[in-house]
Structure formats: C-alpha cells, structure tokens
Amino acid sequence: MKAPKLHAVALAAALSALAAGASAQVNVTIDAAKPGAVINKDVYGQFAEHLGAGIYGGLWVGPDSKIPNTRGWRNDVVGALRDLHVPLVRWPGGCFADEYHWRDGIGARDKRPVKVNTNWGGVPENNAVGTHEFFDLVGQLGADAYVNANLGTGTPQEASEWLEYMTSEGKSTLAQLRAKNGHPAPFKVSYYAIGNEAWGCGGNMRPAYYADLYRHWTSFIKAPAGVKPKMLASGGQGEETIWTDVLSRELKGMTDGITHHYYTLPTSDWKVKGAATGFPEAEWFSTMERTLKMEGFIRDNVAILDKNDPEKKIAFDPDEWGTWYDVEPGTNPGFLYQRNTLRDAVVAALNFNIFHAHADRVRMTAIAQMVNVLQAMILTDNGKMVLTPTYWAYKMYVPFQNATSLPVTLANNTTYGMNGKGVPGISASAARGADGKTYIALVNANPKDATEVAVNVAGGNVGAVRGQILTADAMDAQNTFEHKDVVKPAPFSATAAGGKLTIKVPAKSIIVVAAE
Ligand code: AHR
C-alpha cells in the first residue's frame with residue numbers, strides 16, 4: 001500500500017509552525033489553458049441495496065401507503081434526490097446481488113416469493129421491488145441504471161436472460177413477458193456488473209478464478225451494439241492491486257471497467273469502527289487520514305492499468321465508498337444505519353476532489369449508500385425525512401458533473417496534524433462547467449483553524465467568486481428530524497483586491513464557487 005505520505009522533515013516543520021501559531025497562505029493555481037478529462041457525471045453515482053431501510057421504507061413504501069408516493073416510491077425522498085441530479089443508481093447489491101434471482105421480482109407483486117435476506121439482518125425479502133420498480137425509480141429520478149448481476153448463486157443463463165428481458169425489442173418470449181408485465185419498451189441498462197466482492201461475500205474467489213468465470217459468463221451476455229451496457233468486472237478493495245492487475249490482463253477487450261471498494265472507518269478495526277457522532281478530534285483526524293488513502297489506492301491501481309491498458313479502454317470505478325461507523329445504538333446491526341455529520345460531508349468532498357484528479361480513469365463511482373444505509377444522502381423515520389450533510393456536499397458539487405477538469409497545483413499547503421501524523425490541510429479542485437464557468441472547490445480538513453487561500457487562474461484574472469459554503473460550529477454537527485437545517489449551505493463570495501483573490505476557508509468547511 002502506498003498511501004499519501006508527507007516527507008518526515010516537511011511534516012515536522014509544518015507541525016511545529018502550526019504549534020507556533022503560524023498562519024500560512026496557501027497558493028492554489030488553476031491552469032485554465034490545459035483542460036484535462038471530462039468528469040463523467042457517473043462519478044456522482046449512488047448505490048441502493050436491499051439492505052435495512054435502504055429501499056423498503058426509505059425509498060419504497062408501496063402504492064397503498066399513507067406516505068405520499070408515486071407508484072410506491074416516496075415523493076419526498078425521490079423529489080430531494082431529483083434535486084441532486086443523481087446520474088446513476090447501482091442496484092440490487094452489494095452482497096445481496098449474489099443471492100438475488102431476478103425472476104423473483106417480476107409479475108404480480110402479491111405472487112412474488114418471499115425469501116430471507118441472509119446478508120442483511122435475516123429479514124424477509126418479499127421482492128416487492130424488482131426490475132420494473134427499479135426502472136420506475138431511475139425514471140422518476142432521471143438517472144441511468146447500473147444493474148449488478150448474480151454471479152455467486154446464479155448462472156450465466158440467468159444473467160444473460162435478465163439482460164435480454166430488460167433490453168430486447170421485438171417478439172422474443174422474454175421481451176413479450178416484459179410487455180405483459182407492463183413495459184413493452186425496452187429498459188436502458190447503462191452498466192452491467194458480473195458479481196460483487198468476488199473475494200468475499202460474492203464467493204470467496206481468487207482473481208484468476210473470477211477472471212475465468214467472467215470470461216465464461218460474458219461469452220453469453222449478448223445485446224446489439226448501442227444496447228449492450230458497459231460491462232463491469234468486480235475488482236479488489238482498499239490497497240489491493242492484484243485484482244486490477246489480473247483482471248486488466250485477462251479481460252482485455254471484454255470489460256469496460258474494474259470496480260473497487262474502499263470504506264473509511266475512523267479506526268482500522270471492523271469490530272470497533274468508531275461512532276458516527278460524539279467522536280473525539282482524534283477520530284476526526286483519523287477519518288480524514290484514512291479517507292485520503294483513496295488517492296494512493298487510485299494512483300496505484302491506475303499505474304497498473306496504464307501498464308496493462310495504455311489505450312485507457314478500462315475504467316477504474318470505485319462503486320462502493322464512504323464512511324462506515326458502528327451502527328446507531330438500538331438499531332438492527334444488520335441494517336447499517338448510521339447518523340451523518342459535517343465530518344461525512346468533508347469526507348465526500350475530499351473524495352470528489354480525488355476522483356476529479358483521476359477523471360481520465362475514474363469514470364463512475366457509487367457512494368454507499370443512497371438512503372438510511374452507511375453514508376446516506378437522506379435519513380427517514382416513517383413519514384419524516386431529513387437531508388444529511390453528505391446530501392449538501394453532493395448538491396454543491398452538481399456543477400462538476402460532466403465538467404472538464406482543470407489542473408490544480410497547491411503550493412505552501414498547510415498540514416493538519418495530530419500525534420506526529422499529518423494530512424494536507426487544504427484540498428482543491430477546479431473544472432470548466434457545461435455552462436462555460438470555472439468552478440472551484442476548496443475543502444479545509446482542519447477542524448480548528450481557518451486557512452487563507454490565494455487563488456490564481458493562470459491565463460486569466462478572477463475578479464470575484466460566488467457560490468456556497470458548508471460548515472458548522474461542531475465537528476459532529478448533524479441535521480435531525482427536529483432540527484433539519486443545522487448543516488446547510490450558505491451563500492459565499494469573495495472579491496479580488498489589488499488583482500489578488502484571497503479566500504478565507506473556515507475550519508472544517510467546503511466551499512464551491514464559480515469564478516466571475
Ligand atoms: O454496502 C454494504 C456492503 O458492503 C455491500 O453489500 C458489500 O458489497 C460491501 O461489503
């Protein structure tokens with residue numbers, strides 16, 4: 001593993017400067033004349049699994065519910081997600097995907113079989129949400145569909161027939177069955193993954209064995225050009241590079257992307273991960289330190305892809321990422337319900353900036369998960385709903401969807417340090433939006449000290465910037481059902497003085513502005 005490390009001498013100097021109360025001015029230079037890769041909108045994708053109240057209750061209440069809904073999907077939650085411009089939804093898992101049989105989820109809902117969700121709480125799964133309901137959801141959201149096929153307990157025939165059921169036109173029996181079930185027109189599948197976490201819940205496989213299965217299965221996944229989705233191979237996790245190496249060598253010409261999973265735990269211990277709220281500063285720091293490892297993980301895997309796939313045909317797609325804390329006390333441990341604070345919003349923004357910097361290879365990601373599970377956008381309690389700080393981070397970054405990344409260099413960055421360790425204080429990203437404006441994102445990972453940032457756009461003067469800021473008084477500030485607006489973006493602007501634009505970035509804050 002090669003996580004980002006600061007040179008020891010530089011770190012010591014930075015830490016002692018901070019201890020002495022020195023306040024450095026960070027220089028951020030944006031090279032507008034050298035546009036980079038387009039930040040694919042799918043980098044802002046989200047994951048919705050049959051897990052806890054992630055779908056049932058949080059998104060789906062059924063058409064007969066008193067909670068206002070459209071064909072079973074909650075109007076409040078879908079409306080809020082629509083405002084986020086969610087570009088892509090991954091479904092039905094996760095671990096759940098490898099025990100999901102698509103024929104259980106079509107036809108009359110009251111005739112569908114009831115199974116046990118063995119991965120998540122052992123609760124009954126009545127299959128009320130199946131293929132048609134999922135496509136209704138993405139249609140209501142205006143999103144694209146990422147469907148994860150069952151490799152673990154499925155068959156190549158089942159995966160091939162599911163794709164045919166979803167996408168085929170004409171007179172085939174499966175197309176007619178889809179029409180009989182209410183949808184004569186084909187659905188559009190943007191991504192189709194073969195299995196999930198093949199190294200773990202997806203079958204405890206080794207990379208070479210999975211690669212052979214992928215080759216076998218995809219030989220039978222057929223669809224006409226223009227209809228066939230991007231095919232995804234399920235890759236490794238964390239610092240691992242072996243999966244990317246084996247899959248990119250063995251699946252040349254057969255895969256459009258290799259996925260990757262990395263969860264940010266405040267500790268490195270899956271038994272005691274750390275609390276979502278009421279945590280000490282040491283856990284704010286370790287969360288920042290651990291989430292920033294994503295940069296090194298992407299760099300190391302991309303280096304392998306650059307060697308095995310210099311034509312850049314294979315994307316590197318982290319399709320599960322985000323914070324994972326100890327579950328909220330009193331909730332079902334199998335439901336992965338956790339609160340969401342300003343810390344989560346900062347984690348999201350730091351990861352966005354990392355993804356932007358690798359936009360040529362990172363073409364899709366999916367945060368885990370959309371509603372009520374892990375690092376969620378939205379939490380619900382029966383008919384109530386609250387938007388989390390992570391929701392607002394996604395909202396502020398909407399202009400980066402399909403924007404053209406611009407190179408950013410930071411000089412004289414501050415270091416946020418604790419116990420002899422340090423992380424860069426400021427993270428920055430910039431892009432030329434679809435509207436032609438230059439967007440700048442600044443994140444201060446330091447929960448105590450504001451930092452002055454001098455912004456310089458090479459090849460052009462910036463007279464002023466205008467946008468939004470997200471911050472709060474407490475590190476663990478959260479929105480609750482009673483107090484929904486504790487963490488919410490506020491207007492932010494700054495004007496150049498003497499030809500120089502300086503932005504004071506408050507402690508633990510995210511700023512997204514457009515240059516004027
Ligand atoms: O997101 C929760 C679970 O985490 C997913 O089902 C699985 O793929 C991962 O281990």
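The values are calculated or read from the model by the stated rules, or taken from the named source; none is laboratory data. As the structure is a prediction and not an experimental result, all values here were calculated from the model. We place every Cβ from the backbone using ideal geometry, glycine too, and count neighbours over all the protein chains shown. Calculation scope for accessible area: heavy atoms of the full protein, side chains included, ligands and nucleic acids excluded. Shrake-Rupley method; radii C 1.70, N 1.55, O 1.52, S 1.80 Å.
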For this session: Kindly list the number of the only condition in (1) touching a residue at least 40 places away in the same chain (Cβ under 8 Å); (2) surrounded by fewer than 16 Cβ atoms within 10 Å (Cβ to Cβ) that fails for LEU379.
Result: (2)
Seminar exercise, completed: Note on ARG74: of the conditions (1) within 16 Å of the ligand (Cβ to nearest atom); (2) within 30 Å of MET396 (Cα to Cα); (3) open to solvent by less than 10 Å² (accessible area, probe 1.4 Å), unmet is (1)
Exercise. Of all residues in the range 413-435, how many are under 25 Å from the mean Cα position of the chain (by Cα) and charged (D, E, K, R)?
Worked result: 2
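Taking VAL373, is it in contact (Cβ under 8 Å) with a residue 12 or more places away in the chain and within 16 Å of the ligand (Cβ to nearest atom)? Spell out how you get there, then give the answer.
Numbers: in contact (Cβ under 8 Å) with a residue 12 or more places away in the chain: yes; within 16 Å of the ligand (Cβ to nearest atom): yes.
Considered against the rule, which asks whether it is in contact (Cβ under 8 Å) with a residue 12 or more places away in the chain and within 16 Å of the ligand (Cβ to nearest atom), VAL373 comes out as yes.
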Exercise. Across the range 93-111, what is the total count of residues that are more than 16 Å from the ligand (Cβ to nearest atom) and either modelled with pLDDT under 95 or open to solvent by less than 20 Å² (accessible area, probe 1.4 Å) (or both)?
Worked result: 2
Seminar exercise, completed: Listed by first then second residue, the pairs whose first member lies in the range 102-121 and is in a helix (DSSP H, G or I), whose partner is hydroxyl-bearing (Ser, Thr, Tyr), with beta carbons under 9 Å and at least 6 positions apart or on separate chains, are TRP102/THR131; TRP102/TYR165; ARG103/TYR165; GLY105/THR131
Exercise. So, of the residues in the range 438-451 that are assigned to a strand (DSSP E or B) and within 25 Å of the chain's Cα centre (by Cα), which turns out to be surrounded by the fewest Cβ atoms within 10 Å (Cβ to Cβ)?
Worked result: THR438
Exercise. Given the conditions (1) within 16 Å of the ligand (Cβ to nearest atom); (2) of a type outside the set (S, T, N, Q); (3) closer than 30 Å to LEU292 by Cβ, and given that PRO207 satisfies all but one, which numbered condition is not satisfied?
Worked result: (1)
For this session: Working only within the range 321-349, note down all residues that are open to solvent by less than 10 Å² (accessible area, probe 1.4 Å), within 16 Å of the ligand (Cβ to nearest atom) and either part of a loop (DSSP other than H, G, I, E, B) or not hydrophobic (A, V, I, L, M, F, W, C) (or both).
Result: GLY322, THR323, TYR325, GLN338, ASN340, ASP344
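With the structure loaded, tell me whether GLY152 is small (Gly, Ala, Ser), within 30 Å of the chain's Cα centre (by Cα), closer than 19 Å to PHE47 by Cβ and within 16 Å of the ligand (Cβ to nearest atom) or whether it fails that test.
Numbers: small (Gly, Ala, Ser): yes; within 30 Å of the chain's Cα centre (by Cα): yes; closer than 19 Å to PHE47 by Cβ: yes; within 16 Å of the ligand (Cβ to nearest atom): yes.
Yes, satisfied.
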Seminar exercise, completed: Flagged in the range 386-421 as under 18 Å from VAL77 (Cβ atoms) and open to solvent by 40 Å² or more (accessible area, probe 1.4 Å), in numbering order, are LYS395
Seminar exercise, completed: Filtering the range 261-277 down to residues that are away from the ligand (no atom under 16 Å from the Cβ), touching a Pro at 6+ places or on another chain (Cβ under 9 Å) and open to solvent by 10 Å² or more (accessible area, probe 1.4 Å) yields ALA275
For this session: Would you mind finding the one in ALA515, ALA454 that is in contact (Cβ under 8 Å) with a residue 12 or more places away in the chain, aliphatic (A, V, I, L, M), surrounded by fewer than 17 Cβ atoms within 10 Å (Cβ to Cβ) and within 17 Å of ALA32 (Cβ to Cβ)?
Result: ALA454
Problem set entry | Residues located in the range 112-128, provided they are open to solvent by less than 70 Å² (accessible area, probe 1.4 Å) and more than 16 Å from the ligand (Cβ to nearest atom) | ARG112, PRO113, ASN127, ALA128
Seminar exercise, completed: Selection from the range 132-149 of residues open to solvent by 30 Å² or more (accessible area, probe 1.4 Å) and under 19 Å from the mean Cα position of the chain (by Cα) yields GLY142, ASP144
For this session: Pull up the range 379-403, narrow it to residues that are under 14 Å from the mean Cα position of the chain (by Cα) and not aromatic (Phe, Trp, Tyr), then point me to the one that is nearest to the ligand (Cβ to nearest atom).
Result: THR390
